[in-house]
Amino acid sequence: MKNVYVVLDNDMEDSVVTAEIYSTYEKAEKAVKETIQELEDQYEEIEEYDHGWLLIDGDITERVIEIEASGVK
């Protein structure tokens, strides 16, 4: 069994969830950091936690981006 890494981008403001699959955690993390860099001026605060990021505007979390591992055969 091999792991792949899924980046889940939940844009709650627009009700859109996207998923991207990467072969390594490092590639997934690089993609997330590029996305956050593009979006950082649109949100008041960005909080990082274990394998995820909260993009916050005011008191509301507008977007959540997470990296999850998934086993494949």
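The values are calculated or read from the model by the stated rules, or taken from the named source; none is laboratory data. These numbers come from a predicted model, not from an experiment. Every residue, glycine among them, receives a Cβ derived from its backbone with ideal geometry; neighbour counts consider all protein chains shown. Quick note on the areas: whole protein, heavy atoms, side chains included, nothing else; ligands and nucleic acids left out. Shrake-Rupley method; radii C 1.70, N 1.55, O 1.52, S 1.80 Å.
What to note about this one:
- Hits in the stretch 22-63 - residues which are in contact with an Asp or Glu (Cβ under 8 Å, 6 or more places away or on another chain), in a strand (DSSP E or B) and aliphatic (A, V, I, L, M): 46, 54, 55, 56
- For the stretch 20-60, filtered to residues that are of a type in the set (A, V, I, L, M), out of contact with any helix residue (DSSP H, G or I) (no Cβ under 9 Å at 6 or more places or on another chain) and surrounded by 14 or more Cβ atoms within 10 Å (Cβ to Cβ), the residue that is nearest to residue 71 (Cα to Cα) is 28.
- Condition broken by residue 13, with the remaining ones in (1) at pLDDT 95 or above; (2) more than 12 Å from the chain's Cα centre (by Cα) satisfied: (1)
- Qualifying positions in the stretch 1-19 - open to solvent by 90 Å² or more (accessible area, probe 1.4 Å) and either among the basic types (Lys, Arg) or over 12 Å from residue 64 (Cβ atoms) (or both): 1, 2, 14, 15
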